[in-house]
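What follows is a short report on a single structure.
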Amino acid sequence: MSDTFMLKPDSIERKWYVVDAEGQTLGRLAAQVANILRGKDKAEYTPFVDAGDYVIVINAAKIQVTGKKLDQKIYFRHSEYVGGAKYTTLRHMLATKPERVIEHAVRGMIPHGALGDKVYKKLHVYAGPEHDHAAQKPETLTLKY
């Protein structure tokens, strides 16, 4: 009888990938990026180990959505004061902080806890085509959808 393989955290080899978000659909891009961050695309995936790779998303300001989401999708935050609820549309968020749109979408697709916090720190999003990670020699990754 064979034993189940469990990945050890010290035997993980991490890569850096660059994903161009220009013309991509927000949800499809976020789902694929979340899988890469978790390591679900690897054969040695283990659910409770952070085995994923680093992902750099460029051109976040050029992401696309379908339907009427630009005006109907609402982002909520609260200032912790009474009556401190703030609502922002996707159109306004793309105009002011386009990086946060992708970060928010990916964050919702990874675990919510200590493991998710470690996974989330490997995501780097930039509004334009330039990024600060040339020293890591990232590979260009083309997504399936």
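Volume per residue for segment 34-103 equals 143 cubic angstrom (convex hull of Cα atoms). For trypsin sites (Lys or Arg not before Pro), the sites in segment 35-84 that DSSP calls loop and that have at most 10 other Cβ atoms within 10 Å are Lys68.
Near Arg91, once Lys and Arg are set to +1 and Asp and Glu to -1 for all other residues with Cβ below 10 Å from its Cβ, the sum equals +1.
Convert 4 °C to kelvin, take the viscosity as 1.567 mPa s, use the Kirkwood radius over C-alpha pairs of segment 68-108 as Rh, and evaluate the Stokes-Einstein diffusion coefficient in µm²/s, rounded to a whole number. Walk me through the intermediate numbers first.
Details: Rh = 10.9 Å.
In µm²/s, the coefficient is 119.
A convex hull fitted around the alpha carbon atoms of the chain yields 155 Å³ per residue. The slack in the chain from Ser79 to Ala114, taken as 0.36 nm per residue of separation less the alpha-carbon distance, amounts to 10.2 nm. Loop-resident GluC sites (Glu not before Pro) (DSSP state other than H, G, I, E or B) in segment 71-116 with no more than 12 further Cβ atoms inside 10 Å of their Cβ: Glu80.
At 10 °C and 1.306 mPa s, what whole-number value in µm²/s does Stokes-Einstein give for the translational diffusion of segment 80-145, with Rh from the Kirkwood sum over Cα pairs? Please list the in-between numbers first.
Working: Rh = 14.7 Å.
Stokes-Einstein gives a translational diffusion coefficient of 108 µm²/s.
Each Lys and Arg Cβ is given +1 and each Asp and Glu Cβ -1; about its Cα centre, segment 77-145 then shows a dipole of about 180 debye. Normalised by the number of residues in segment 19-145, the average gap of Cα pairs under 8 Å and 6 or more apart makes the relative contact order 35 percent. Of all the options Val65, Val101, Val19, the one that moves most in a Gaussian network model of the chain with Cα springs shorter than 10 angstrom is Val65. With both labels modelled 7 Å from their Cα along Cα-to-Cβ, the Ala31 to Ile12 distance reads 2.4 nm. Let me have the 222 nm mean residue ellipticity of the chain computed from DSSP H runs of 4+ only, each contributing -39500 (n - 2.57), with the sum over all residues rounded to the nearest 500. That calculation yields -7500 deg cm²/dmol at 222 nm. Note on Lys144 and Phe5: the model spin-label points, each 7 Å out from Cα along the C-beta direction, lie 1.9 nm apart.
How much length is gained if the chain between Lys86 and Lys69 is pulled fully straight, taking 0.36 nm per residue apart and subtracting their Cα-Cα distance, in nm to one decimal? Spell out each step's value before the answer.
Working: separation 17, 0.36 × 17 = 6.12 nm, distance 1.81 nm.
Separation in residues times 0.36 nm, less the Cα-Cα distance, equals 4.3 nm.
About its Cα centre, the dipole of the chain is roughly 560 debye, where the only charges are +1 on Lys and Arg Cβ and -1 on Asp and Glu Cβ.
Would you be so kind as to identify which of His133, Gly84, Asn59 lies farthest towards the positive end of the dipole of the chain, taking Lys and Arg as +1 and Asp and Glu as -1 on Cβ and the Cα centre as origin? Positive-most Cα among the choices belongs to Gly84.
No value in this document is a laboratory result; all are computed from the given coordinates. Nothing here was measured: the structure is a model prediction, and the numbers come from that model. FYI the Cβ positions are ideal-geometry reconstructions off the backbone, even for glycines, and counts take in every protein chain you see.
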